[in-house]
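The values are calculated or read from the model by the stated rules, or taken from the named source; none is laboratory data. Since this is a predicted model, take the numbers as computed values, not measurements. Cβ sites come from the backbone with ideal geometry, for glycine too, and all protein chains shown count toward neighbours. For accessibility, only protein heavy atoms count, side chains too; no ligands or nucleic acids. Shrake-Rupley method; radii C 1.70, N 1.55, O 1.52, S 1.80 Å.
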Amino acid sequence: EVELVQAGTGEILERIRAEKDNPGGDIYLAGMTDSSQVPNLDLWDEYVSPYDSELPEKYRNIDNKITCWSLEGSILMVNTDLIGDISTGSYADLLNPELAGKIAFPDPSLTSCGFEHLTNILYAMGKPEDDFAKGWEYMDKLLDNTTVIGSSSSIIKGIVNGEYAVGPVYENGPVEYIAAGADNLRIDYMDEGVIFQINGVSIIKDCKNRLSAEKFVDFLISKDFQEYQVGSPINKRSVREVSVSSDIIPELKDIKTIDDDGKYVAEHKKEWLAKFQEILTSKK
């Protein structure tokens, strides 16, 4: 039996850190490895599943503390009832004046989703050697057209309910609604390219249910679950080579993808968040 506590990545991490002398949870299952787990290695216990060696080498355990269990892409979620004939196939399209006030962007300081989109924008528009100047120039313009929200789940619900026409979120957000029958939603994969990050799972240091936590990690990367999660109703990308496919999400080979440098991103996270907040504050 698993008891779930659902909240934003930042909120969950703050709670785990506040409870580190008396953990209230056993498993951390949120955010991306580079942006949320690697910068907080002191919060996790060491554990390498016996199934880990069965994964492709690039998806094997990180620092003996982070087990990779799925892939997640940064995408644009669109309400087709509201968007009309306005194009949303790229980041560049979001600068369209017709979309002013109709876009919700997740705050990268509070959500891993927002930080991953910030990273995706910097790499799609700019280059590390010039400090992503064109990416920051784009971000400045985008925030003129955008409402910044502190919860990616609120953005997803807002798009579903017609509060916003489009929002940069994770792939799995709209997938869940589309799989449940929502016919007013669309997923657009940015023409500039999509970064697919790794979802990780970690055991919280000194947790109270260690054996169950280990079995949960084993379950997530077992062949049976990895095959199951790709199809309906979950439609999530596997870190294993699987024989099944999703009816909703396209295969990676059919999407333009971008690779980022996880170590570089982690080293510059605080700097990038400060710069984002500086730009956001200048708009007020």
Cα centroid separation, region 216-253 to region 259-284 (Å): 31 Å
All Cα pairs of region 187-261, percent lying beyond 16 Å: 62 percent
Per residue accessible area in Å² of the chain, where ligands, DNA and RNA are left out and the probe is 1.4 Å: 49 Å²
Residues with amide H under 5 Å from that of Thr146, placed H, sequence gap 5 or more: Gly101
Cα-based shape type of region 43-183, given that a ≥ b ≥ c are square roots of the gyration tensor eigenvalues and the cut on a/c is 1.5: oblate
Inter-probe distance in nm under a simple model that places probes 7 Å from Cα toward Cβ, at Glu3 and Thr147: 3.5 nm
Protection proxy ranking of 207-218, 139-150, 162-173 - average other beta-carbon atoms within 10 Å, highest first: 162-173, 139-150, 207-218
Förster radius 30 Å - calculated FRET efficiency between Ala133 and Asp247, Cβ distance, rounded to 0.05: 0.15
Beta bridge orientation in the chain: antiparallel %, DSSP, nearest 5: 80 percent
Label-point separation, Leu211 to Glu227 (7 Å along Cα→Cβ), nm: 2.9 nm
Region 206-245, relative contact order in percent, only Cα pairs under 8 angstrom and at least six apart counted: 28 percent
Sequence-separation-based contact order of region 76-139, relative, with Cα cut under 8 Å and 6+ spacing, percent: 15 percent
Percent RCO, i.e. relative contact order, over the chain, from Cα pairs under 8 Å lying at least 6 residues apart: 30 percent
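Kindly identify region 3-74 as rounded, prolate or oblate by the Cα gyration tensor criterion: order the square roots of the eigenvalues as a ≥ b ≥ c, call it rounded if a/c is under 1.5, otherwise compare a/b with b/c, prolate if a/b is larger, else oblate. Please list the in-between numbers first.
Working: a/c = 1.98, a/b = 1.50, b/c = 1.32.
Cα axes put region 3-74 in the prolate bin.
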Helical segments meeting 18 Å axial Cα length and Kyte-Doolittle -0.5 threshold in the chain (DSSP H): 112-125
Carbon and sulfur %, accessible surface of the chain computed with the full protein complex present, 1.4 Å: 46 percent
Backbone HN-Hα couplings from phi across region 63-78 [Karplus 6.51/-1.76/1.60, Hz, Gly and Pro as x]: 6, 6, 10, 10, 9, 7, 10, 7, 10, 9, x, 8, 9, 10, 9, 10
